[in-house]
Amino acid sequence: MAARLTVDCLGLSFQNPVLVASGTFGYGDEYYDIMPFSRLGGLVTKTVTAAPRQGNPPPRVVETDSGMLNSIGLANVGLEVFIREKLPWIVQHAGGARVVVNFAGFSVDEFIGVGAGLAGCRGIDALEVNLGCPNVKAGSIHFGADPATVREVIAGLRGEVGLPLVAKLTPNVADIAALAEVAVEAGADALSLINTLPGMKIDVKKRKPALGMAFGGLSGPALRPVGVACVYKVYRRLQEMGAGVPVIGIGGIATGPDALEYILAGARLVQVGTASFVNPLAAGQVVAELAAWCENEGIGDLSELVGVAHHGGN
Amino acid sequence: MAARLTVDCLGLSFQNPVLVASGTFGYGDEYYDIMPFSRLGGLVTKTVTAAPRQGNPPPRVVETDSGMLNSIGLANVGLEVFIREKLPWIVQHAGGARVVVNFAGFSVDEFIGVGAGLAGCRGIDALEVNLGCPNVKAGSIHFGADPATVREVIAGLRGEVGLPLVAKLTPNVADIAALAEVAVEAGADALSLINTLPGMKIDVKKRKPALGMAFGGLSGPALRPVGVACVYKVYRRLQEMGAGVPVIGIGGIATGPDALEYILAGARLVQVGTASFVNPLAAGQVVAELAAWCENEGIGDLSELVGVAHHGGN
Amino acid sequence: MIPVFRWVEVSDIRKMARSTYELSFPEPESASKIGPGQFCMVSPAPHTSDVFLPRPFSYYRVDGPGTIRILFRTFGRATRWMAGLAPGSRIGVFGPLGNTFTLAPQARRAILVAGGIGLPPMAMLAGRLDALDEPPEIDLIYGEQAGDRIVDVGSDLPGRVRLHLCSEDGAAGQKGLVTGLFRPLIAGCDSPPAVYCCGPGPMMAALAGLVSSENTALFEVSTEENMACGKGICKGCVIPMTTPDGSVSYRYCCTDGPVFNGFEVKWPHA
Amino acid sequence: MIPVFRWVEVSDIRKMARSTYELSFPEPESASKIGPGQFCMVSPAPHTSDVFLPRPFSYYRVDGPGTIRILFRTFGRATRWMAGLAPGSRIGVFGPLGNTFTLAPQARRAILVAGGIGLPPMAMLAGRLDALDEPPEIDLIYGEQAGDRIVDVGSDLPGRVRLHLCSEDGAAGQKGLVTGLFRPLIAGCDSPPAVYCCGPGPMMAALAGLVSSENTALFEVSTEENMACGKGICKGCVIPMTTPDGSVSYRYCCTDGPVFNGFEVKWPHA
Ligand SMILES: Cc1cc2nc3c(=O)[nH]c(=O)nc-3n(C[C@H](O)[C@H](O)[C@H](O)COP(=O)(O)OP(=O)(O)OC[C@H]3O[C@@H](n4cnc5c(N)ncnc54)[C@H](O)[C@@H]3O)c2cc1C
Ligand SMILES: Cc1cc2nc3c(=O)[nH]c(=O)nc-3n(C[C@H](O)[C@H](O)[C@H](O)COP(=O)(O)OP(=O)(O)OC[C@H]3O[C@@H](n4cnc5c(N)ncnc54)[C@H](O)[C@@H]3O)c2cc1C
Ligand SMILES: Cc1cc2nc3c(=O)[nH]c(=O)nc-3n(C[C@H](O)[C@H](O)[C@H](O)COP(=O)(O)O)c2cc1C
Ligand SMILES: Cc1cc2nc3c(=O)[nH]c(=O)nc-3n(C[C@H](O)[C@H](O)[C@H](O)COP(=O)(O)O)c2cc1C
Ligand code: FES
Ligand code: FES
């Protein structure tokens, strides 16, 4: 008997738990002929900001051990063009997949403005708030690492936006569970964990940073242990709080077992990011491997596995 | 002409900049016949605590992508046995290498007590204060992630201990430069960056965490971009403060070019950790590769390269 | 045509010059539709290497029924891994990607300038230009730093293509830089030729200094930037372009390029 | 003897049973000094695999002048990588590590129990016991879950060793568990035999339930735990031991073991 992969989350039904992560699948059209996102649980779009952005000087990407660094600088077409030119195509081609629009601002007001602008658009299933872009700062720490800012952004959006709100957090904090608590109290309907971790590579030949902006965000399998730990911690805290808020697991997922690590740690949904660059078919393969694994292990409903690692471990 | 690898640091002369990291070279005797630490810049001992410790339940180590997780739980022989049985052997066999003793406590008082106990011992060149063991907590965040605690520990030790004091910081904070600043203001003579990052692996077959304690510390090449970024950030902050305090780079160093990344980012010394498990000769090879690289590039004195990446990059 | 990602088995690998290898693999469907200038992303099969990201390589030759050849030089982790491949090794190939050189310029003459491992797209372009109904006269200038790096490309080029070799150490061809060979060639043209170029940034920048809209009918270059996706998604591979008002304008090497109008590229971008 | 780390070339690799391979490599200096129960850490040469940590493998055979053979079964990343090795592949080998089984027990009979891939140290031990001046009578019980996993170890064992095979699916040897074969054997002993064992934790725990200081002269087991260093440094590989007062006491698999007094191990530790 084939396992049920359908997941209920955010008051929506996802045909499977595998989404593609923001910034790693564009607007869905680039890979569509190769890997239609309509087969997936959903598409999370590249972060959209109020104004179009050119992004940072090159080089913007570089390989590291089992990972990569990026300093894209939120290059995107801007809210207006996104709504006019990109969103309609996505909605039309979504099929059974959910459309999650990821966005950011450079101030609390901008966050709320962009969120409100998106809230009125047809076809968006949920909004993901990018609180963790390592290239945007608020004083000396990152914008999204400051609990007060996170509270303000989420509470402000909650007041303006009826759509399900997913807070995507940065792992670059001492206590991610505390940050998650703040986001949930402020009204987030789900938490996406994790965004990239600040990193740097030095080009030894040139004796300077390999990236044009020096710092970049680390992603890929190297990051997976950090992501799994964050999901596990936050899931536990949410259980303690009695909050039924779901967690979305992100970071270094390239195979079915990788996704299962997150699901067992407490994620209801997962997102595949960097792996799509290595193999554009990766997200579809994760779905297939999850299905095969469940069948093999006699799991009737994948959702049964969410958080199961908390009962065996400690 | 062979390059000069000698480095002056902490008022001491190191015969080369390559040390072996705490917990990854034991007390020097285990690998001595294979890789005598006397050829290295120095040996940093396994963390010593006041009482002997058995450590955590197994499994304690597991591989991850380009890295590993450990939850050893500071297993060690305890201060008394260390001083009586381990230290004399180390001092006797050090040759030209510097002896750095790493220690920790489970309270501010214990830190100071152990530091004071070590301060009276013959043959110790410097003390490294382990502020970042991810398996020891202070409330909900890690002991060493709290600036007030770091200040108390370092200032307290400073009052008791004449030896050079190296503060080894955890990267699991929102702003490592701020933490570094606190440690320097409190009297640290150098900063070791970085300790491991909290991580987790789930054993998918068993549906529970792969480690007995669930969480572990991530080390190895996967971590290198995080370590290099921390060293770069802290070096820059120290320059801005006008503090001449040196930085010791740690995290994922396995080759000469890996070490150069840290040196170019601002490290005066480096430590090789996990790489010794993969190849016990690794630390010696890093020294040889640094020498060869300098000769190839016409560098007369390796120290010239410290922080050079700050002038090319930004 | 729509790019395809597939796992293929290496059919052949051979050393062509110092640090330089030719790698062949099957590409059943698309081979005949690949244009000069296009590239593919090559990634290792899982667990066979510690290379993580795929790397871009220009197509070098497209043989008969669907064999592709690329030519590469060892620099770092990925190309060293590739040099160790053997017939039968599995690799991932994603392609064809990117745009192509303009094939039918209104020019009676074409000068192709290849610097180092910039050779592959220039060699393929020479063949395609020569196969046009009304082919231009074709000169291919090809230079290397060291003579022992020169690949014997001549035997594979159409007979009409004039090959001019140079090396900085003088060990093969004329001693000197490609720009040294280029100057007399362009000076000797009756009408403005089409100029195509692929090579290291500083070389292309130097060449850009020798051409103008007066002496050249067309100036196209193939650019390079670090890539992750190869498909316009990661937004990683920007090439700065000149703008009338001097502001920064980026285009993407993988989808807007790799071939750009050389007059529009901001030199040196590397 | 002092362990050595060196890069060696695989001399041979062959499949011995389902998922089970024998890997041979040269070990010029130390081969003859290796004791039964000792192990080596095997790591990939840089850039040839995505395996990171080395993995422990018991020595299986030490041939004539310095060839080592290990026997391994594929489970995860490292053993799958090893299964793809070919003669000439470079691997890192660090050994010999760990302690050895006690070779001269005051027992006239020795019963060796191997479960699954626990076979290698038992096979080597059988040979060493047989080569003693006054060898005991030797029985080797060897069981697998599935018959198609049984390695043909018999042809390589000294003629005097009695081999008893079993498999849970009954496809080879007697149908059942090693404990099923062990019971009658120990019951039939005139004097307490030396019992040696290597296999999965639950199997060893079950065996531990059948032996006592009355019916057994010696009970030694080879344990397993995740390792990083293999040399007592990382403090990773602890095996919990029983203590009189019931408190936890850890010993290190890599340096205190892998061979322990089976009466002292806290079962099941896995
Ligand atoms: C569109 C496109 C087409 C390409 N076509 C080819 C081709 O046909 N054949 C080919 O050999 N290469 C080609 N390249 C370059 C090739 O992608 C790189 O050489 C490769 O990514 C290097 O990977 P690596 O891991 O070996 O080196 P890395 O570790 O990524 O780099 C090692 C060092 O070498 C330097 N480096 C890398 N590539 C080059 C280079 N090409 N020239 C000078 N220095 C370099 C880097 O800056 C770095 O310092 C192409 C690149 C692009 C963007
Ligand atoms: C002292 C010692 C000697 C050993 N000798 C041998 C030997 O001679 N031959 C041999 O094949 N192996 C031997 N092993 C076990 C061997 O080290 C492991 O099989 C190997 O580390 C697995 O690595 P992997 O990357 O393939 O699997 P991993 O990815 O590390 O593990 C994959 C999964 O398989 C499970 N697993 C791993 N090993 C085993 C096992 N042995 N039995 C059951 N499940 C397992 C793990 O729990 C995990 O769930 C020995 C281990 C020790 C400690
Ligand atoms: C090139 C690149 C661009 C990214 N852009 C965004 C972005 O615009 N918004 C965002 O929230 N996350 C962005 N991310 C982060 C990913 O969505 C994801 O959180 C992170 O990469 C970890 O997952 P992975 O290891 O599977 O890639 C980007 C990641 C990469 C590699
Ligand atoms: C098995 C293991 C044990 C460690 N024990 C200690 C320790 O006792 N004290 C300490 O300060 N750091 C300890 N560390 C951290 C290392 O010293 C080092 O900071 C970290 O591993 C990063 O460096 P690497 O990537 O080169 O290993 C340990 C690391 C490992 C892998
Ligand atoms: S390589 Fe990803 S956008 Fe060009
Ligand atoms: S494997 Fe490191 S102590 Fe045993």
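The values are calculated or read from the model by the stated rules, or taken from the named source; none is laboratory data. The shown structure was predicted, so the numbers you read here are calculated from the model rather than taken from an experiment. Here the Cβ is made from the backbone with ideal geometry for all residues, glycine too, and neighbour counts use every protein chain on show.
One table, with the values for the structure above:
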item: Filter result for D:Leu23 (touching a residue at least 24 places away in the same chain (Cβ under 8 Å) and near ligand 2 (Cβ under 9 Å from one of its atoms)); result: no
item: Those residues of segment D:14-33 which are out of contact with any Cys (no Cβ under 9 Å at 6 or more places or on another chain), under 14 Å from D:Val93 (Cβ atoms) and not aromatic (Phe, Trp, Tyr), in sequence order; result: D:Leu23, D:Ser24, D:Pro26, D:Pro28, D:Glu29, D:Ser30, D:Ala31
item: Enumeration of residues in segment D:116-149 that are β-branched (Val, Ile, Thr) and more than 15 Å from the chain's Cα centre (by Cα); result: D:Ile138
item: Residues located in segment B:69-81, provided they are crowded, with 24+ Cβ neighbours inside 10 Å and out of contact with any helix residue (DSSP H, G or I) (no Cβ under 8 Å at 6 or more places or on another chain); result: B:Asn70, B:Ser71, B:Ile72
item: C:Gly64 modelled with pLDDT of 95 or more and away from ligand 4 (no atom under 16 Å from the Cβ); result: no
item: Residue in segment D:190-204 that is in contact (Cβ under 8 Å) with a residue 24 or more places away in the chain, surrounded by fewer than 18 Cβ atoms within 10 Å (Cβ to Cβ) and β-branched (Val, Ile, Thr) present; result: no
item: Single match in B:Val61, B:Val7 (criterion: among the hydrophobic types (A, V, I, L, M, F, W, C), within 12 Å of ligand 4 (Cβ to nearest atom), buried (at least 21 other Cβ atoms within 10 Å of the Cβ) and at pLDDT 95 or above); result: B:Val61
item: Qualifying residue in segment D:39-54 (condition: part of a loop (DSSP other than H, G, I, E, B), away from chain B (no Cβ under 14 Å) and away from ligand 5 (no atom under 16 Å from the Cβ)); result: no
item: Count of residues meeting criterion [in contact (Cβ under 8 Å) with a residue 12 or more places away in the chain, within 14 Å of chain A (Cβ to nearest Cβ) and in a helix (DSSP H, G or I)] in segment B:279-314; result: 10
item: Total residues in segment D:215-261, condition within 15 Å of ligand 2 (Cβ to nearest atom) and among the small types (Gly, Ala, Ser); result: 6
item: Any hit, segment D:67-74, residues being of a type in the set (A, V, I, L, M) and more than 24 Å from C:Thr48 (Cβ to Cβ); result: yes
item: Per-region count, segment C:239-266, residues part of a strand (DSSP E or B) and within 12 Å of ligand 1 (Cβ to nearest atom); result: 4
item: Single residue of segment D:206-228 satisfying the filter (touching a helix residue (DSSP H, G or I) at 6+ places or on another chain (Cβ under 7 Å) and more than 16 Å from ligand 6 (Cβ to nearest atom)) that is farthest from D:Trp267 (Cα to Cα); result: D:Asn215
item: Residue tally, condition of a type outside the set (D, E, K, R), surrounded by 16 or more Cβ atoms within 10 Å (Cβ to Cβ) and not in a strand (DSSP E or B), over segment C:12-38; result: 8
item: Test: A:Pro246 is more than 7 Å from chain B (Cβ to nearest Cβ), in contact with a Cys (Cβ under 8 Å, 6 or more places away or on another chain), modelled with pLDDT of 95 or more and surrounded by 19 or more Cβ atoms within 10 Å (Cβ to Cβ); result: yes
item: Residue within segment A:24-35 that is more than 16 Å from ligand 4 (Cβ to nearest atom), at pLDDT 95 or above, polar (S, T, N, Q) and touching a helix residue (DSSP H, G or I) at 6+ places or on another chain (Cβ under 6 Å) present; result: yes
item: Check on A:Asn172, free of Cβ contacts under 8 Å to residues at least 60 places away in the same chain, of a type outside the set (Phe, Trp, Tyr) and within 16 Å of A:Leu69 (Cα to Cα); result: yes
item: Which listed residue, of C:Gly257, C:Gly188, C:Gly232, is more than 16 Å from ligand 4 (Cβ to nearest atom), within 14 Å of chain A (Cβ to nearest Cβ), out of contact with any helix residue (DSSP H, G or I) (no Cβ under 9 Å at 6 or more places or on another chain) and under 22 Å from C:Ala107 (Cβ atoms); result: C:Gly257
item: When residues of segment D:229-255 are limited to those that are farther than 18 Å from D:Ile2 by Cβ and charged (D, E, K, R), the one nearest to ligand 6 (Cβ to nearest atom); result: D:Lys235
item: Unique residue being within 16 Å of ligand 2 (Cβ to nearest atom), in contact (Cβ under 8 Å) with a residue 24 or more places away in the chain and not charged (D, E, K, R) when the list is B:Leu69, B:Leu79; result: B:Leu69
item: Restricting segment B:18-45 to residues that are among the hydroxyl-bearing types (Ser, Thr, Tyr) and either without any contact (Cβ under 8 Å) to a residue 40 or more places away in the chain or not in a helix (DSSP H, G or I) (or both), the residue that is farthest from ligand 1 (Cβ to nearest atom); result: B:Tyr27
item: Qualifying residue in segment B:179-192 (condition: in contact with a Leu (Cβ under 9 Å, 6 or more places away or on another chain), among the hydroxyl-bearing types (Ser, Thr, Tyr) and within 12 Å of chain A (Cβ to nearest Cβ)); result: no
item: Residue list for segment D:171-189, restricted to those being assigned to a loop (DSSP other than H, G, I, E, B) and either surrounded by 13 or more Cβ atoms within 10 Å (Cβ to Cβ) or modelled with pLDDT of 90 or more (or both); result: D:Ala171, D:Ala172, D:Gly173, D:Gly176, D:Leu177, D:Cys189
item: So B:Val226, is it buried (at least 21 other Cβ atoms within 10 Å of the Cβ), within 10 Å of chain A (Cβ to nearest Cβ), in contact with a Leu (Cβ under 7 Å, 6 or more places away or on another chain) and under 16 Å from B:Val166 (Cα atoms); result: no
item: Tally of residues being touching a Cys at 6+ places or on another chain (Cβ under 7 Å), under 30 Å from B:Leu69 (Cα atoms) and aliphatic (A, V, I, L, M) across segment B:261-314; result: 1
item: Residue within segment B:250-267 that is in contact with a Phe, Trp or Tyr (Cβ under 7 Å, 6 or more places away or on another chain), facing another protein chain (nearest Cβ under 8 Å) and either modelled with pLDDT under 95 or not in a strand (DSSP E or B) (or both) present; result: yes
item: Selected residue (only one of A:Thr255, A:Thr274 is over 30 Å from B:Ser303 (Cα atoms), within 16 Å of ligand 2 (Cβ to nearest atom) and of a type outside the set (Asp, Glu)); result: A:Thr255
item: C:Gly199 more than 14 Å from chain A (Cβ to nearest Cβ) and more than 16 Å from ligand 3 (Cβ to nearest atom); result: yes
